[in-house]
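**Student:** If you scroll down you'll find the structure; I have some questions about it.
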Amino acid sequence: DARVTQTPRHKVTEMGQEVTMRCQPILGHNTVFWYRQTMMQGLELLAYFRNRAPLDDSGMPKDRFSAEMPDATLATLKIQPSEPRDSAVYFCASGLSFQRQPGNTIYFGEGSWLTVV
Amino acid sequence: KQEVTQIPAALSVPEGENLVLNCSFTDSAIYNLQWFRQDPGKGLTSLLLIQSSQREQTSGRLNASLDKSSGRSTLYIAASQPGDSATYLCAVRQGGTSYGKLTFGQGTILTVHP
């Protein structure tokens with residue numbers, strides 16, 4: 001059963017530390033999303049890749065966040081330095097998307113639960 | 001900027017009731033709309049996907065409709081069960097210059113009590 005895999009599932013870190021979250025999209029999917037979920041803001045898009053190229057990272061705080069896709073099987077989201085307000089659940093999602101097709105079902109991972117103290 | 005609103009924010013019903021969850025969006029230039037379910041402490045599970053050219057989709061006891069011109073979608077759940085208790089989220093897939101971007105509503109928290 002194909003699924004999006006995220007690591008770590010849970011992370012507690014001290015303020016100022018670097019945090020790296022990893023995502024393995026479903027094999028063959030060419031679009032990857034990073035979302036952050038909090039009680040106050042709901043689901044916010046941080047970054048969006050298609051064919052490994054970043055298409056939209058307007059929702060990401062550029063001074064401390066960075067997102068990359070080193071290859072088609074790995075997406076990373078890095079926070080440096082981390083702050084308590086970054087405490088949230090970070091979701092990775094993947095899907096198929098082509099220029100002349102509207103795109104298909106998006107599949108979400110189980111999330112990385114981050115607590116910054 | 002696309003905005004997605006879900007009404008009601010929370011809903012509590014007795015088992016067996018039929019219910020309707022509502023979703024509205026401000027920009028009708030969408031490619032599709034997807035309904036998700038989220039259980040506490042879990043990720044999102046896709047329930048139904050409606051392409052912009054479609055009017056409705058059905059899966060078991062679930063039926064989702066889309067009126068793109070008016071910016072509305074509804075999720076109908078028939079004969080609700082306690083196992084349906086979860087948060088339901090709708091998300092629109094954007095077209096135009098924001099092609100592919102998925103924007104979520106805040107969700108409807110559904111509780112079905114025995």
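**Student:** From the residues in the range A:1-44 that are of a type in the set (D, E, K, R), at pLDDT 95 or above and in a strand (DSSP E or B), which one is farthest from the chain's Cα centre (by Cα)?
**Tutor:** Checking each candidate, the answer is A:Lys11.
**Student:** Mind counting the residues in the range A:51-77 that are under 17 Å from A:Gln24 (Cβ atoms) and within 13 Å of another protein chain (Cβ to nearest Cβ)?
**Tutor:** To start, the set of residues in the range A:51-77 that are under 17 Å from A:Gln24 (Cβ atoms) comprises A:51-52, A:67-77.
Filter once more, so that each one left must be within 13 Å of another protein chain (Cβ to nearest Cβ): A:51.
Result for the range A:51-77: 1.
**Student:** If B:Ile109 satisfies all but one of (1) surrounded by fewer than 20 Cβ atoms within 10 Å (Cβ to Cβ); (2) in contact (Cβ under 8 Å) with a residue 24 or more places away in the chain; (3) closer than 28 Å to A:Ser58 by Cα, what's the number of the condition it fails?
**Tutor:** (3)
**Student:** Hey, another quick one. Of the residues B:Ile30, B:Ile50, which is more than 9 Å from chain A (Cβ to nearest Cβ) and of a type in the set (Val, Ile, Thr)?
**Tutor:** Just a single option satisfies the conditions, and that option is B:Ile50.
**Student:** Please identify the pairs in which a residue from the range B:51-76 that is on the phi < 0 side of the Ramachandran plot has its Cβ atom under 8 Å from the Cβ atom of a residue that is of a type in the set (A, V, I, L, M) and outside any strand (DSSP E or B), counting only partners at least 6 apart or on another chain.
**Tutor:** Every condition considered, the pairs that remain are B:Arg61/B:Ala78; B:Arg61/B:Ala79; B:Leu62/B:Ala78; B:Asn63/B:Ala78.
**Student:** Let me ask something additional. Looking only at residues that are within 26 Å of B:Ser69 (Cβ to Cβ) and either assigned to a loop (DSSP other than H, G, I, E, B) or of a type in the set (D, E, K, R) (or both) in the range B:2-17, which one is farthest from the chain's Cα centre (by Cα)?
**Tutor:** It comes out as B:Gln2.
**Student:** Among the listed residues A:Arg3, A:Arg50, A:Arg36, which satisfies the condition of being touching a Ser or Thr at 6+ places or on another chain (Cβ under 8 Å) and in contact (Cβ under 8 Å) with a residue 12 or more places away in the chain?
**Tutor:** It is A:Arg50.
**Student:** Looking at the range B:78-113, which of its residues are away from chain A (no Cβ under 13 Å) and modelled with pLDDT under 95?
**Tutor:** Within the range B:78-113, none qualify.
Let's see how each residue does on (1) farther than 22 Å from B:Ile7 by Cβ; (2) without any contact (Cβ under 8 Å) to a residue 60 or more places away in the chain; (3) of a type in the set (Lys, Arg):
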| site | (1), (2), (3) |
| --- | --- |
| B:Ser28 | no, yes, no |
| B:Asp39 | no, yes, no |
| B:Ser85 | no, yes, no |
| B:Arg93 | no, no, yes |
| B:Thr103 | no, no, no |
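So that you can scan it fast, the table gives a plain yes or no per residue for (1) buried (at least 17 other Cβ atoms within 10 Å of the Cβ); (2) more than 19 Å from A:Tyr107 (Cα to Cα); (3) hydroxyl-bearing (Ser, Thr, Tyr):
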site	(1), (2), (3)
B:Ser24	yes, yes, yes
B:Leu33	yes, no, no
B:Ile77	yes, yes, no
B:Leu102	yes, no, no
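**Student:** Any idea which of (1) within 27 Å of A:Ala47 (Cβ to Cβ); (2) within 14 Å of another protein chain (Cβ to nearest Cβ); (3) surrounded by 18 or more Cβ atoms within 10 Å (Cβ to Cβ) is the one B:Ala64 doesn't satisfy?
**Tutor:** (1)
**Student:** Considering B:Ser85, B:Ser65, B:Ser46, which residue is under 12 Å from the mean Cα position of the chain (by Cα), under 26 Å from A:Ala88 (Cα atoms) and of a type in the set (Ser, Thr, Tyr)?
**Tutor:** B:Ser46
The values are calculated or read from the model by the stated rules, or taken from the named source; none is laboratory data. No experiment lies behind these values; they were computed from the predicted model shown. Neighbour counts run over all protein chains shown; Cβ positions are idealised from the backbone, glycine included.
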